[in-house]
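The values are calculated or read from the model by the stated rules, or taken from the named source; none is laboratory data. Remember, it's a predicted structure, so these values are computed and weren't measured experimentally. Positions of Cβ are backbone-derived with ideal geometry, glycine not excepted, and every protein chain shown enters the neighbour counts.
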Amino acid sequence: MSRIKSIEELEKLRETIIEKQKARKLSIAICNGPGCLPLGSRKITQAFIDEVKKQKLTDKGVEVRATGCHGFCAQGPLVVIEPQGLFYQGIKVEDAPEIISETIVNGNIIDRLLYTDPDSGEKIPLEKDIPFYKSQQRLISGNNRLIDPNSIEDYIAIGGYKAVSKVLSEITTEQVIEEVKLSGLRGRGGAGFPTGLKWKLCHDNPGDTKYIICNADEGDPGAFMDRATLEGNPHIVIEGMIIGAYAIGAHEGYIYVRNEYPIALKRAIRAIEQAEKYGLLGEDILNSGFNLSLHIVRGAGAFVCGEESALMSSIEGKVGEPSQRPPFPVQKGLWRKPTVINNVETWANIPHIINRGGKWFASMGTEKSKGTKIFSLVGKVNNTGLVEVPMGITLRSIVFDIGGGIPKGKKFKGVQIGGPSGGCIPEKLVDLPVDYESLTSAGAIMGSGGLIVMDENTCMVDIAKYFTNFLSEESCGKCYTCRKGLQRMHEILTDITEGNGKEGNVELLEELANVVKDTTLCGLGQTSPNPVLTTLRYFKNEYESHIKEKKCPAGVCKELITYSVDPEKCTGCMVCLRNCPADAVTGAKKQIHHIDPEKCIKCGSCYELCKFDAIKIE
Amino acid sequence: MELSGIQKIIEKNGTHRSALIPILLDIQDEYHFLSRDALACVAQTMDIALVDVYRAATFYKYFSLVPKGEHLIQVCLGTACHVRGAPGVLNEIQRKLHIKPRETTEDKLFTLETVNCLGACAMGPIIVMDEEYHGQMTVSKVDKLIESFKKHEGITKDEQDKKH
């Protein structure tokens with residue numbers, strides 16, 4: 001690996017890599033993303049490597065590639081065989097030898113490992129034909145399976161760093177900003193501020209020292225698209241940052257990575273080292289006279305550090321407390337210097353915009369929300385995973401067409417979108433287009449893109465309690481109303497879920513929520529009552545059942561429910577009896593079981609294990 | 001705790017104020033907690049008031065001021081895990097080990113922690129034992145997992161018998 005000194009040298013290197021890669025006849029791309037890793041994809045990868053060696057296929061152009069997230073976590077571990085795009089799912093270590101000898105050597109498809117369409121019952125061999133992928137537009141995430149995230153060469157081979165060479169050779173800083181403005185790209189981290197305008201404001205601020213920051217402190221629970229992007233394709237983020245730094249005139253930048261994401265951290269560090277070795281970072285990049293060095297900062301576990309002013313304070317070595325704005329970061333940011341801070345996904349969009357033009361990017365999406373957005377589709381939905389869709393797609397499309405609907409034939413209740421600052425959107429708004437404005441008008445926000453599907457067994461009061469608990473623990477404590485208001489709301493919600501709710505609780509919650517909204521300093525505080533406000537707005541009846549009838553309609557709130565055995569359905573199979581941690585189930589084989597309400601700790605293990613639907617929750 | 005080790009960590013990171021959190025992270029990684037002596041050493045070497053070091057050490061969740069047990073159990077309480085039953089999983093671990101989150105068992109074998117989101121949402125509920133992910137956890141799976149760890153640790157048969 002030697003330093004690339006000019007744009008011509010970069011192109012020559014690209015040709016050499018592509019030429020070399022032509023020897024690859026077949027590639028086995030194994031997803032090592034956030035969903036497949038806990039299912040053992042690392043061991044599976046090793047099994048493929050060993051098997052390819054054993055069957056002496058390395059010299060015959062068979063490549064085994066551990067890649068970033070492919071998206072379809074529910075069917076993991078996933079293996080895709082390129083160039084055909086043959087899609088195998090639910091792979092185990094034991095399947096590796098068979099895949100190698102049957103599919104790779106003999107060219108036969110192994111039926112058992114194919115995806116079965118749940119509607120038609122048909123087997124679908126190719127990834128692109130699977131309904132989960134069909135309605136998606138995988139601009140950013142689609143490249144994951146084509147590259148080894150540890151290899152800068154793989155990234156260069158698919159056109160990586162072309163956008164950097166373009167801006168450094170042909171385009172002025174003003175033109176870069178114009179292009180980004182034209183694209184209509186808005187921040188993917190939460191608030192949706194127009195990226196081009198942010199850059200312009202920073203560019204126009206005088207000063208020799210400016211900074212750029214990549215916010216990879218993805219703190220929203222239920223969201224992992226930034227983790228997957230940084231792990232699956234770290235160089236696209238770096239490329240975006242180089243372009244941004246050039247546009248605003250920064251020579252130093254930071255990637256702030258959440259401590260809970262050790263793999264993303266490693267990949268980012270490695271990617272920076274590789275880019276430095278090739279001279280794509282450092283002094284005089286591609287002989288253009290432009291310098292940029294990037295550093296990694298590891299978070300230490302504080303949700304509030306996802307807020308930009310708190311994040312910068314954390315980089316400076318202080319506690320992550322937000323500060324008053326204005327001055328905005330573009331005026332006085334890190335170390336009081338003009339700073340542009342964008343989220344991982346925002347940066348990952350930039351190379352595409354430069355390569356294909358702002359106009360092309362703006363052709364996707366709605367009038368005010370352009371491009372694509374990655375969502376983590378999780379919770380009570382069949383096809384959990386990462387999905388990338390054009391802005392403006394309806395929730396129905398995401399949950400039902402891509403997500404395949406709700407498991408076990410349960411009824412869809414709504415989605416929670418936008419993390420703790422977001423809100424719960426009910427089933428009746430399922431045809432809502434997903435864009436910044438529509439979501440805000442419904443009381444939620446786009447946020448970073450966590451999309452948690454909820455069914456009839458999700459209690460909305462419990463969800464509101466969950467978020468107020470989360471936020472009161474994560475509140476930095478600077479603003480009194482956020483620190484105490486959230487605690488009080490959590491106490492009231494706890495009372496309601498424990499059957500101690502009183503008349504007037506709902507009104508008090510509303511009042512507290514509005515006070516917190518009006519009197520806190522940072523974006524997180526101001527949006528923190530959203531989960532309470534939206535559940536009150538759309539699911540008030542559930543609050544009333546808890547308060548007036550002392551009932552939890554969803555069967556979640558422990559103090560308000562009892563478990564019992566349905567004598568008509570119980571087969572006396574002993575499964576619940578054997579697994580009850582409290583020995584509360586009595587009965588004998590083939591005899592109807594009984595749950596002792598005195599002993600029952602309401603852990604739900606019987607409900608979760610019963611194959612005959614014989615456990616009732618009342 | 002060897003203070004020379006702490007000094008080495010400080011040397012590696014430098015004494016600029018922005019190095020404070022990286023230094024504390026390295027100490028936490030190396031020694032699994034931040035001792036009083038370590039915090040004092042950092043404050044003195046970096047010329048930062050001890051109260052500011054303490055403030056950072058107590059602000060960020062990753063830092064612990066008490067030593068942790070041999071095995072770390074992290075229960076993800078992210079939203080996706082929550083709606084799929086993580087609270088039940090957490091309850092069961094608490095019931096089984098007689099500890100609450102951020103506590104360590106008397107035999108110093110297990111420390112229980114909750115985390116907000118591990119970014120493995122599609123596999124929820126997730127628990128991580130000593131950095132190994134276990135997805136789609138249920139109350140009954142928790143029992144088996146903890147038992148297998150105890151067995152591995154060679155908890156005597158007497159104790160096992162007493163339990164049952």
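Annotations
- Of everything in segment A:349-402 that is of a type in the set (Asp, Glu) and in the same structural domain as A:Met446 (by TED's automatic domain parsing), the residue that is nearest to A:Ile140 (Cα to Cα) is A:Glu388.
For every residue, the table says whether it meets (1) modelled with pLDDT of 95 or more; (2) out of contact with any helix residue (DSSP H, G or I) (no Cβ under 6 Å at 6 or more places or on another chain).
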{"residue": "A:Ser6", "(1), (2)": "no, no"}
{"residue": "A:Leu10", "(1), (2)": "yes, no"}
{"residue": "A:Leu13", "(1), (2)": "yes, yes"}
{"residue": "A:Lys22", "(1), (2)": "no, yes"}
{"residue": "A:Ile28", "(1), (2)": "yes, no"}
{"residue": "A:Pro34", "(1), (2)": "no, no"}
{"residue": "A:Ala47", "(1), (2)": "yes, no"}
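- Those helices (runs of 4 or more DSSP H) lying entirely in segment A:120-182 with at least 1 residues surrounded by fewer than 18 Cβ atoms within 10 Å (Cβ to Cβ): A:131-134, A:162-170
- The number of residues in segment A:243-258 being part of a helix (DSSP H, G or I) and either buried (at least 24 other Cβ atoms within 10 Å of the Cβ) or modelled with pLDDT under 95 (or both) comes to 5.
- Of residues in segment A:404-447 being among the polar types (S, T, N, Q) and more than 11 Å from chain B (Cβ to nearest Cβ), the one nearest to B:Arg84 (Cα to Cα): A:Ser421
- With a requirement of 3 or more residues that are more than 15 Å from A:Met460 (Cβ to Cβ) and either within 30 Å of the chain's Cα centre (by Cα) or not assigned by TED's automatic domain parsing to the domain that holds A:Ser448 (or both), the helices (runs of 4 or more DSSP H) lying completely within segment A:470-565 that satisfy it span A:480-497, A:505-519, A:523-527.
- Search result, residues across segment A:131-181 that are out of contact with any Leu (no Cβ under 7 Å at 6 or more places or on another chain) and of a type in the set (D, E, K, R): A:Lys134, A:Arg138, A:Arg145, A:Asp148, A:Glu153, A:Asp154, A:Lys162, A:Lys166, A:Glu170, A:Glu174, A:Glu178, A:Glu179
- Criterion (on the phi > 0 side of the Ramachandran plot and more than 14 Å from chain B (Cβ to nearest Cβ)) met by exactly one of A:Gly90, A:Gly85, A:Gly71: A:Gly85
- Of residues in segment A:282-315 being within 30 Å of B:Leu77 (Cα to Cα) and of a type in the set (S, T, N, Q), the one surrounded by the most Cβ atoms within 10 Å (Cβ to Cβ): A:Ser314
- So A:Ile213, is it β-branched (Val, Ile, Thr), in a helix (DSSP H, G or I) and touching a helix residue (DSSP H, G or I) at 6+ places or on another chain (Cβ under 8 Å): no
- Answer from A:Gly414, A:Gly443, A:Gly450 - the residue that is touching a Cys at 6+ places or on another chain (Cβ under 6 Å), outside the structural domain of A:His70 (by TED's automatic domain parsing) and touching a residue at least 12 places away in the same chain (Cβ under 8 Å): A:Gly414
- Subset of segment B:63-90 [buried (at least 20 other Cβ atoms within 10 Å of the Cβ), under 19 Å from the mean Cα position of the chain (by Cα) and facing chain A (nearest Cβ under 7 Å)]: B:Gly78
- Residues that are more than 11 Å from chain A (Cβ to nearest Cβ) and either outside any loop (DSSP other than H, G, I, E, B) or under 14 Å from the mean Cα position of the chain (by Cα) (or both) within segment B:101-143 comprise B:Arg102, B:Glu103, B:Thr104, B:Thr105, B:Lys108, B:Leu109, B:Phe110, B:Thr111, B:Leu112, B:Met129, B:Asp130, listed in sequence order.
- Candidates in segment A:265-306 are the residues that are farther than 24 Å from A:Asn233 by Cβ and among the charged types (D, E, K, R); of these, the one that is nearest to the other protein chains (Cβ to nearest Cβ) is A:Glu283.
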